[in-house]
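Note sheet for the following structure.
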């Protein structure tokens, strides 16, 4: 959780402290992405401000940031509540992610190949370790790995857009891997395959490997969402009948 929060707040102006609202938003966003604040959980400004010992104004702004990022929804009746994972959003996010990551990878392979190899050298051992722990640990380490790869790209628009959807991506990756823990081994294998393509300096192959890796996680999460729907629907029917 701390690693996710720090990664989100890291920027070019690292010497300056981020605004309080952004710090609060990063903390809440991390909790949502890791399912520590589950779908439907209501967020009360008073409770959050008291817990963090800040005024309600930055909390209100933080909730607006989370609404912009589709992690929270606001309604006149219920106030702020954590959004539920959505199959349509999932498809949209991963479609955009594939396109952006392909642009990023092509540029980084061309301009900063040695640095990309260095990042892989740093993160692959951590990813291997996380793969032996929990699906959530693996999802978080993949998230941090991807952020460091993105930071090598000079196209700041691509980087900014990728980071804008990074938490929603983490949320879905964690959901998919948690639903099928056995898939972590295959996911680790796809990272190794991508690494081999990077070592060879084969840009087209690297993009193909990255696309397959992202698409595999998407399909895994779609399957998890579909499996969760009948159970939820059946639970509602039983609840209604009991009344």
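The values are calculated or read from the model by the stated rules, or taken from the named source; none is laboratory data. Small disclaimer: the values here were computed from a predicted structure and weren't measured. Glycine gets a Cβ as well: all are built from the backbone with ideal geometry, and neighbour counts include every protein chain shown.
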Would you pick out the residues in the stretch 56-69 that are within 16 Å of residue 86 (Cβ to Cβ) and crowded, with 16+ Cβ neighbours inside 10 Å? 66, 69
Among the residues in the stretch 182-197, are any modelled with pLDDT of 95 or more and over 23 Å from residue 132 (Cβ atoms)? yes
So is residue 117 over 20 Å from residue 191 (Cβ atoms) and in contact with a helix residue (DSSP H, G or I) (Cβ under 9 Å, 6 or more places away or on another chain) or not? no
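Do you know which residues across the stretch 28-55 are assigned to a helix (DSSP H, G or I) and either surrounded by 14 or more Cβ atoms within 10 Å (Cβ to Cβ) or under 15 Å from the mean Cα position of the chain (by Cα) (or both)?
Applying the first criterion (assigned to a helix (DSSP H, G or I)) to the stretch 28-55 yields 28-33, 45-52.
Answer for the stretch 28-55, where residues must be assigned to a helix (DSSP H, G or I) and either surrounded by 14 or more Cβ atoms within 10 Å (Cβ to Cβ) or under 15 Å from the mean Cα position of the chain (by Cα) (or both): 28, 29, 30, 31, 32, 33, 45, 48, 49, 52.
Restricting to the stretch 69-92, name every residue that is out of contact with any helix residue (DSSP H, G or I) (no Cβ under 9 Å at 6 or more places or on another chain) and within 15 Å of residue 25 (Cα to Cα).
To start, the set of residues in the stretch 69-92 that are out of contact with any helix residue (DSSP H, G or I) (no Cβ under 9 Å at 6 or more places or on another chain) comprises 75-78, 81, 84, 88, 92.
Correct list: 81 only.
Determine which member of the set 171, 156 is modelled with pLDDT under 95 and out of contact with any helix residue (DSSP H, G or I) (no Cβ under 8 Å at 6 or more places or on another chain).
Working: 171 fails: out of contact with any helix residue (DSSP H, G or I) (no Cβ under 8 Å at 6 or more places or on another chain).
Among 171, 156, only 156 is modelled with pLDDT under 95 and out of contact with any helix residue (DSSP H, G or I) (no Cβ under 8 Å at 6 or more places or on another chain).
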